[in-house]
Amino acid sequence: MIFISPFDLPDGLKDKDNVLLVKSLGSVPRCVQIGVPKCNSELFFLTVDDCHFAEDSLDLSLDKFFEACGPKDAMAVIYGEGGNLMESKYWEVKTHGDFRLPGIDQSWKIANQCIMHKSYFVELGGFDCESFEY
């Protein structure tokens, strides 16, 4: 597990062999660009929030990914905030005015939390950090 953060790890994670902390004050895409090359696995799970995962949700997500996805797929993982699950339309680009721009297909889904193959992310060139909102 890789954390890119300006903060120290909590005590429960400091001595774990499979946990890495990279100190950075960077933006979300910069932190992802730093973290993905350090990932020692075939897949990476992009989560850019201070979220709490429900019990077994990561295992269930990985099971679904291996069942339904190929090497060039990314699987969005939806979440709730404040104990509420957002309506499915929340995850549609067309719901958000900021995305009603030329070049943005309105049928796209929002995937700010996703699972994908590291090799494909690298092949695509990662994020375009200059065009990222935050």
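Taken together, the values in this text are just the output of simple stated rules run on the coordinates, not laboratory data. These numbers come from a predicted model, not from an experiment. As a convention, Cβ positions derive from the backbone with ideal geometry for all residues, glycine included, and neighbour counts pool all protein chains shown.
Residues whose amide H lies under 5 Å from that of Glu92, counting only those 5 or more places away or on a different chain, are Ile110; hydrogens are built 1.01 Å from N in the peptide plane. Think of region 2-131 as having a plus end and a minus end, set by charges on the Cβ of Lys, Arg, Asp and Glu; of Leu9, Ser27, Asn112, Ser27 sits farthest toward the positive end of this dipole. Give the long-range amide H neighbours of Leu20: residues separated by 5 or more places, or on another chain, with amide H under 5 Å away, using H modelled in the peptide plane at 1.01 Å from N. Residues meeting the criterion, in which the H sits 1.01 Å from N, are Ile2, Phe3.
When only C-alpha pairs under 8 Å and at least 6 residues apart count, what is the relative contact order of the chain, in percent?
Details: 139 pairs, mean separation 38.3, N = 134.
Computed value for the chain: 29 percent relative contact order.
Computed with the Debye formula from one identical point scatterer per Cα of region 2-131, without solvent, the log10 of I(q)/I(0) at q = 0.22 Å⁻¹ comes to -1.64. Students often forget the sequence filter, so: which lysines lie under 23 Å Cα-Cα from Lys118 once same-chain residues fewer than 8 apart are removed? Cα-Cα hits under 23 Å: Lys16, Lys23, Lys38, Lys64, Lys72, Lys109. In the elastic network of the chain, a GNM with C-alpha springs shorter than 10 Å, the most mobile of Glu42, Glu55, Glu92 is Glu55.
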